[in-house]
Structure formats: structure tokens, C-alpha cells
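Below: the structure, in C-alpha cells.
Since every read-out is calculated from the coordinates, none of them should be taken as a lab result. Nothing here was measured: the structure is a model prediction, and the numbers come from that model. Positions of Cβ are generated from backbone atoms using ideal geometry, with glycine treated the same way; all protein chains shown enter the neighbour counts.
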């Protein structure tokens with residue numbers, strides 16, 4: 001079988017050489033830790049600690065506020081300094097718990113872990129929720145909700161998204177190379193919810209070392225297989241991945257389970273394994289700290305709540321003056337006005353750019369390149385025009401709500417027009433009004 005893919009997409013420079021061969025290293029934070037009470041889709045967590053209270057690493061500091069919510073745990077030991085609004089990667093101020101790090105990393109006692117096979121499905125879902133696990137590669141949907149599908153017997157594929165198609169980012173790659181057995185163990189736990197499903201470890205064909213490591217890890221796993229995909233952006237987008245695996249298309253109103261799939265990120269599966277095997281809640285994650293502005297780009301295991309401002313020094317400091325900071329990669333990442341924001345559950349990396357790459361847009365030349373690369377087969381330039389003119393009905397008629405926001409159209413536009421941001425701004429505005 002040839003390498004699987006989808007129609008459209010682009011081939012940006014990968015820029016992964018900076019950190020591809022850099023092993024994951026633990027980083028211990030130096031300053032205060034900030035824990036926003038909302039780090040995922042859903043409701044805010046509710047603090048269960050007060051200023052002045054001493055906490056231990058792994059201790060519950062905020063409980064879930066409802067079904068679509070997950071708790072938050074301290075990633076260090078120390079003292080609760082304040083509960084106050086703090087700026088986050090999204091550019092919004094969110095109520096947050098601030099902990100002064102005592103540098104001791106004294107852990108809360110870990111209870112004896114019951115093997116997952118001895119637990120009922122409902123108990124397993126509660127353990128995932130209680131560990132504070134939400135999606136760690138996208139919008140951050142609570143994982144226990146994602147796994148609680150209407151009919152588990154309809155799920156044919158559990159897909160672990162190891163494509164990591166975003167330029168510069170390599171932390172998922174390092175997880176697959178360094179800890180393939182952990183990833184396979186985590187996938188086995190998830191497959192326990194879906195008796196008829198096959199586990200798919202999805203990897204792009206430029207990650208040879210990861211493919212080899214995973215092939216060895218699944219040799220004795222009859223329900224798991226490796227699927228190798230063409231290296232193309234946005235191969236890792238959920239809908240594109242589902243199409244590449246199943247040949248089925250789903251739209252923005254449908255869920256992966258409608259195609260018989262559950263899709264999880266590499267980091268999420270590793271967190272599930274830690275919760276069940278080691279009894280540890282989600283308090284750290286792997287991220288890539290990279291870019292031409294840095295002396296020694298690295299892949300780090302970072303405690304949640306750590307300030308992004310600490311991470312450049314962990315990568316050797318600046319080689320040249322940084323012109324732009326991005327949380328994540330250049331295609332779908334979020335530009336940061338400064339680094340005084342915390343690492344959260346959905347933070348995949350920090351990109352420190354030596355150039356700003358701001359271009360002056362010009363008039364559309366009607367070349368059609370944006371339509372050729374759109375993986376959803378939309379009319380990006382027309383949708384961007386409608387968004388600028390605030391023509392909601394026509395925007396929806398031309399399926400603007402289906403836009404993935406992948407940025408492929410903006411990437412290929414010879415007129416340097418910011419098509420994807422314009423479309424996404426209109427889309428988010430309509431969603432906020434309850435319009436689809």
C-alpha cells in the first residue's frame with residue numbers, strides 16, 4: 001500500500017533539524033508557577049486551595065466544575081501565592097492559581113494503583129478525568145468525554161496522531177523514538193474501551209526512526225498497526241487523518257465517532273499511561289523550544305504553569321535578537337506579544353523567530369492556488385472577501401464554517417494575503433452567535 005494522504009495541502013520547509021536529534025530533557029522551573037483555571041474546551045476548574053496554603057507536587061489545586069471540565073494539579077511543591085487573573089497564550093486574562101515554587105519538588109503520596117484491567121469502563125474514565133487529562137495537541141477537549149462515545153462497539157479505529165506535521169515541532173517525534181513502549185502501553189489502555197477497534201499509530205514517512213521504534217514495540221500487539229502517511233501539511237488535522245485512514249469525510253458538525261474513529265495525540269496517550277501505570281496526574285508535558293534566534297534549541301519536559309519567559313535560557317539563550325515569539329509552530333501557532341504567559345496542557349512548543357516575516361499584501365491575481373491546496377476544497381479568497389464585507393449568509397452558503405484554519409491558503413498566496421485569519425475570524429464570530 002502506498003503512503004496514504006488527502007487531496008490538497010502544502011509542503012512547507014520542515015525546519016525540524018534544529019531539534020530532531022535532541023533528546024527530551026527535564027526542565028525544572030525557577031520562578032512562580034501560574035495555573036489558569038481554564039486550559040481546555042469547557043468550564044473553568046474551581047480552586048480547592050487558598051492563598052497561603054502549602055501544596056505538594058501532584059496535589060489537587062482545582063476541581064472540575066462539571067462534565068466538560070477537568071481538575072488541575074500542582075506541578076511543584078510550594079505555597080499558594082494568589083488566585084488572580086493572568087494573561088494566557090490566547091491573549092485573554094483567565095483566573096489563575098499562582099504558586100511560589102519552593103524548589104523541593106516534594107510529592108504528594110501516590111496511592112496504590114489498581115491495574116486498569118481490573119477496573120470497569122466507568123472507573124477508567126473517572127481515573128482519566130481525575131488525572132486532569134485533556135487533549136494535548138489541539139483544542140484541548142477533555143479526554144474522558146472524548147472516550148465516552150455513544151456506542152463503543154461502533155468504533156473501528158483508535159488513531160494515535162503521531163504525524164506532527166507542524167514545522168519546527170519535534171517533541172512528539174522524540175516521544176515515539178525514546179518511549180515507544182510507553183506509547184503502545186497507553187494505546188492498549190485506550191483500546192480497552194473499544195473491543196472491536198484496531199489501534200493505528202499514524203506517522204509521516206519522514207520519521208524513519210520513529211517508525212522503526214514503533215514497529216518493534218507493536219510486534220506482540222495483534223490489535224495495533226503502524227500506518228505511514230505522506231509528509232504533507234495538514235496531515236495531522238483530525239479530519240484529514242480520519243480521511244486518510246478510513247476514506248470517510250466528516251464535516252464540522254460531526255464527530256470522529258461518526259466515522260468510527262477516536263483520535264488522540266501522542267502526548268495525551270502518554271499522559272493516560274502515566275495515570276494508570278504510575279498513578280500520576282498530568283503535571284508536565286513535552287514541548288519543543290526552537291527557532292533560529294536560539295543558541296541551543298531543545299526538546300524539554302516542562303512543568304505545567306512554567307512561564308514561557310524561562311524557556312529561552314533553557315535553550316542556551318538568544319543567538320540573535322528575537323523578532324517574534326510563537327506558541328506552537330508557524331502554521332497554526334499563536335503569536336505571543338511577550339513571554340510572560342504560562343505553559344498549559346495544550347502548549348506544544350515555543351518558536352523564537354529571528355525575522356518577523358510580515359509581508360505587505362497586494363491585490364489578488366486570481367491564480368487559484370489557494371483553492372488547489374485547500375484540503376476541504378473551499379474557495380478561500382472568496383470567503384476572505386465575504387468575511388471582510390461581513391456577508392454572513394453568503395459566507396455560510398459557501399461553507400466557510402468548514403474551514404480548518406490550517407493556513408495552507410495563506411502560505412501559497414503570491415499576493416501575501418492573510419486569507420485563513422480572515423476566514424477564521426468570521427467563523428469564530430458566527431460560532432459565538434450560535435450560528436453554524
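Using only DSSP helix segments of four residues or longer, with each worth -39500 (n - 2.57), what per-residue ellipticity at 222 nm results for the chain after dividing by its residue count and rounding to 500? Don't skip to the end; give the middle numbers.
Values: 13 runs with 105 residues, N = 436.
Helix contribution divided over all residues of the chain: -6500 deg cm²/dmol.
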Checklist entry - When the chain is modelled as a GNM with alpha-carbon springs shorter than 10 Å, which of 62, 315, 139 fluctuates the most? => result 139
Item to check | C-alpha center-to-center spacing [the range 388-404, the range 126-156] in angstrom | outcome: 30
Checklist outcome for this item: So the pair-distance distribution of the range 369-432, from every Cα-Cα distance in 10 Å bins, comes to percents of 26, 60, 14, 0
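Mind ordering 99-111, 143-155, 122-134 by average Cβ neighbours within 10 Å, highest first?
On the way: 99-111: 14.5, 143-155: 17.6, 122-134: 20.4.
Going by the mean number of other Cβ atoms within 10 Å, highest first, we get 122-134, 143-155, 99-111.
Do you know the relative contact order of the chain, to the nearest whole percent, from alpha carbon pairs under 8 angstrom that are 6+ apart?
Numbers: 985 pairs, mean separation 81.3, N = 436.
Result for the chain is 19 percent.
If each residue's Cβ is checked for other Cβ atoms within 10 Å, how do 373, 263, 198 rank with the fewest at the top?
Working: 373 21, 263 25, 198 16.
If I rank by nearby Cβ atoms, fewest first, I get 198, 373, 263.
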Checklist outcome for this item: Per-residue Cβ contact counts at 10 Å, fewest first, order 276, 318 as 318, 276
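Which whole-number percent gives the relative contact order of the range 369-432, counting Cα pairs below 8 Å spaced six or more residues apart? Show your work: numbers first, answer last.
Details: 75 pairs, mean separation 23.8, N = 64.
Reported as a whole number, the value is 37 percent.
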